[in-house]
Every structure is written in structure tokens, then in C-alpha cells.
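Undergrad: The structure is given below, and queries will be raised subsequently.
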């Protein structure tokens, strides 16, 4: 069988289309849950950035309020710990897959010192206590701590974890584990206090869940390698290689050539566009899924963009401007009431092309619409640092 060879331009065009970032030819997403499913989660460590990631992929007129309604009213989205152990918005319907897959990733070395760390048995006990405590109403951290101590013992509440000039109770080192096992998710804030709730989910079998997650990842961001998948998931690379080998042996994924090197796609998913590169301007917020997942990174951040729009090689710390599918600027927004001052800093000449200025203005207006505000655009130097 002749191996399919894929160029960066072809891969990038298909990824943009499947992400809803390629204009009229992109999928017509019907809801925030559809969007987050296609993205494989919207990074929401900064919730406003996650809301914007989702809203910008939906039709004009969609705002952050629509995303919040899906999250807190309709509950078609869930805020929880997703890939890389970071907070994400995930489709509630996909939680069995996510929890099954995330709980099947081999645990890395325990980073906590001996006097702080919990044993595997204690971790299991805490997760069971979390599941039981959150079976009712959402609880704040302090309320959940009391409920866990009542069910396990005082050791779980010992304030031994150094954290932000404070000390957290011992059980909190199992927070991510509890989320990945389907025992915990975020509830609506109570004033300024975070709450946790039960997602009410039973994880899928780990093998089946990983099968589904790898193929969903490759559909969205392929061609990709096991190392790309491992980095995206914050999982061991050797383990990811074994997962891909098993899926290849089962005929679930197949190898293609990608920029001269072997990579993988879902079996049979080898159709790529032959047309010219995608056209247009897009503004993407902090830690947008597209810039996090797309590889090779030096092609997405070409030339000077690699140094200016990345922070020590890490994507997402700067909101970026895509021009024709690659990073050609960074931007920053400052809100004052209903007004948003947007500063866009071009990188290279792409934003000065004939069509880009009007496209840029339209995109800034779309960002303001999604954030329920009015925009003022300035083209100039972004003076704030990463993640500001």
C-alpha cells in the first residue's frame, strides 16, 4: 500500500476547518458542547479565556453568556481537570471517555516529600470520601475538607502542603485524581468561593476510553506522533508509543508521511485538501486549544513568532493573531466597563497585506461581541508580559 504524504499546508487547512476556524467551510457547530467536543476541551484555567475560545467558534451573535448557560444552567458543559491536569471545559456527554482515559494514564513520580505525600491506599480513601461527600449539594473547599476528615481521619486535613503563601490540607494532592476518576468537578462559585460538585459520571473502561481519545485527538489534530499526543496529554512518551502500537495493530490508526517523517491519522481518514492555504484573520485567546495542540510548533509559529508569541517555548501564554493559519501577531485586551481596548502587535508583514486590516477589525469586533462589549483597536506594541 502506498503511504499518504501530507504537507504542513494540507494538515493545517484540515485542522482549521475541523476546529471551526476556517470560515464558511468550517463545520456548522450548533452548541458550545459541539465546539468543545471538536476542540477536545477548552482550556479554562482563566474561565473568560475558555468562554471566548468557545464563543468565537460559534456563529456571530454568540456570547460568553451562551457558554455560561451551557455550563451552569443546561449542564451540557462541565468545568473540571482535563488534559495536562489543567482546568478545562469539557462536554458533559464526553465525561465517561475523558475520565476513563485520564485515570488510565500511568502516574508519574510523586512530587511531595515523605511527610506530605499520601499512600495509594490513602488516595483511594480520599477519592471515595470525595465521591460520597459530593453526592449532595456543591461544597466549598473548606466544607469538603471537613467532610473528608469526617470520613477518613484527621490526617487528611493536616495542613502540610505549601501553596501560595499558605498551607493546604493533605487531601488536596488528590484533587486531580478525584476529578480524573469521575468523583469531582467544579460547581458554580458561591460568591468568591470555588465550589466542587459531583459530575455524576461512571468512567469508561480505560482501554476503550484511550482508543476513543486517541482517535478523537488524531481526527482534530492529526497527523500526529505518539510524542505529540504524550505532550498534549502530559503523559509518558514511552507509554503513548505503546498505546499507538496497539491501536495500529488493531487497525484503528494508520501511518502517513508528514513533512517527511512518519505520523498517524485515524484509519481511513487520509483525505486532505489540495487547495491553496486557508485565508483570513483570527484572534485566539490565552491557551486556545488550537495553538496548544498543533504540531510541529515551529510551523505554526514561523520565524520571529516563535520567539515573540511563545513563552520559553510554551504556547498559550500570549493571545495570538492567526493570519492564513499561522501566528502573525499577539494581542491584549483591557476592559473598562463596556469598553474593551484591544492592542494588536503584528509579527512580520502578514497583517499589512491588502485584506488583513479589514479582516482584523472584523475579528476585533467579533471578540468584543463575544465578550458583550465595544472594542477600540490599536495596532502597536503589546507591552504586558505573558499571561497578563
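Undergrad: In the stretch 16-46, which residues are farther than 17 Å from residue 283 by Cβ, assigned to a helix (DSSP H, G or I) and at pLDDT below 95?
TA: Within the stretch 16-46, 17, 18, 24, 25 qualify.
Undergrad: Test of understanding: among 124, 166, 94, 114, which residue is surrounded by fewer than 16 Cβ atoms within 10 Å (Cβ to Cβ) and at pLDDT 95 or above?
TA: The unique qualifying residue is 124.
Undergrad: I would also like to ask the following. Can you tell me which of (1) surrounded by 24 or more Cβ atoms within 10 Å (Cβ to Cβ); (2) within 21 Å of the chain's Cα centre (by Cα) is the one residue 312 doesn't meet?
TA: With respect to (1) surrounded by 24 or more Cβ atoms within 10 Å (Cβ to Cβ); (2) within 21 Å of the chain's Cα centre (by Cα), residue 312 is out only on (1).
Undergrad: Tell me which residues, restricted to the stretch 146-185, are over 26 Å from the mean Cα position of the chain (by Cα) and within 22 Å of residue 78 (Cβ to Cβ).
TA: 147, 148
Undergrad: Among the residues of the stretch 69-91, how many are at pLDDT 95 or above, surrounded by fewer than 17 Cβ atoms within 10 Å (Cβ to Cβ) and in a helix (DSSP H, G or I)?
TA: Residues flagged as at pLDDT 95 or above, surrounded by fewer than 17 Cβ atoms within 10 Å (Cβ to Cβ) and in a helix (DSSP H, G or I) within the stretch 69-91 amount to 3.
Undergrad: If residue 282 satisfies all but one of (1) part of a loop (DSSP other than H, G, I, E, B); (2) within 23 Å of residue 12 (Cβ to Cβ), what's the number of the condition it fails?
TA: Unmet for residue 282, out of (1) part of a loop (DSSP other than H, G, I, E, B); (2) within 23 Å of residue 12 (Cβ to Cβ): (1).
Undergrad: Kindly indicate which of 57, 3 is more than 13 Å from the chain's Cα centre (by Cα), part of a loop (DSSP other than H, G, I, E, B) and buried (at least 23 other Cβ atoms within 10 Å of the Cβ).
TA: 57
Undergrad: Which pairs do you get when a residue that is in contact (Cβ under 8 Å) with a residue 12 or more places away in the chain, found in the stretch 99-112, comes within reach of a residue that is exposed (fewer than 14 other Cβ atoms within 10 Å of the Cβ) and in a loop (DSSP other than H, G, I, E, B), reach meaning Cβ atoms under 8 angstrom, with the pair 6+ apart or on two chains?
TA: From residues that are in contact (Cβ under 8 Å) with a residue 12 or more places away in the chain, the pairs are 100/205.
Undergrad: Tally up the residues in the stretch 262-282 that are surrounded by 22 or more Cβ atoms within 10 Å (Cβ to Cβ) and under 17 Å from residue 322 (Cα atoms), please.
TA: 3
Undergrad: Are any residues in the stretch 63-86 within 30 Å of residue 229 (Cβ to Cβ), more than 12 Å from the chain's Cα centre (by Cα) and in contact (Cβ under 8 Å) with a residue 60 or more places away in the chain, and if so, which ones?
TA: 78
Undergrad: Follow-up. Of 234, 208, 240, 227, which residue is touching a helix residue (DSSP H, G or I) at 6+ places or on another chain (Cβ under 8 Å) and buried (at least 18 other Cβ atoms within 10 Å of the Cβ)?
TA: One residue alone meets the criteria, 240.
Undergrad: Please note which helices (runs of 4 or more DSSP H) are completely contained in the stretch 132-250 and include at least 3 residues that are in contact (Cβ under 8 Å) with a residue 40 or more places away in the chain and within 22 Å of residue 38 (Cβ to Cβ).
TA: 206-221, 226-233
The values are calculated or read from the model by the stated rules, or taken from the named source; none is laboratory data. Fair warning: this is a prediction, and the values are worked out from it, not measured in the lab. In this analysis, Cβ positions are derived from the backbone assuming ideal geometry, glycine residues included, and neighbour counts consider all displayed protein chains.
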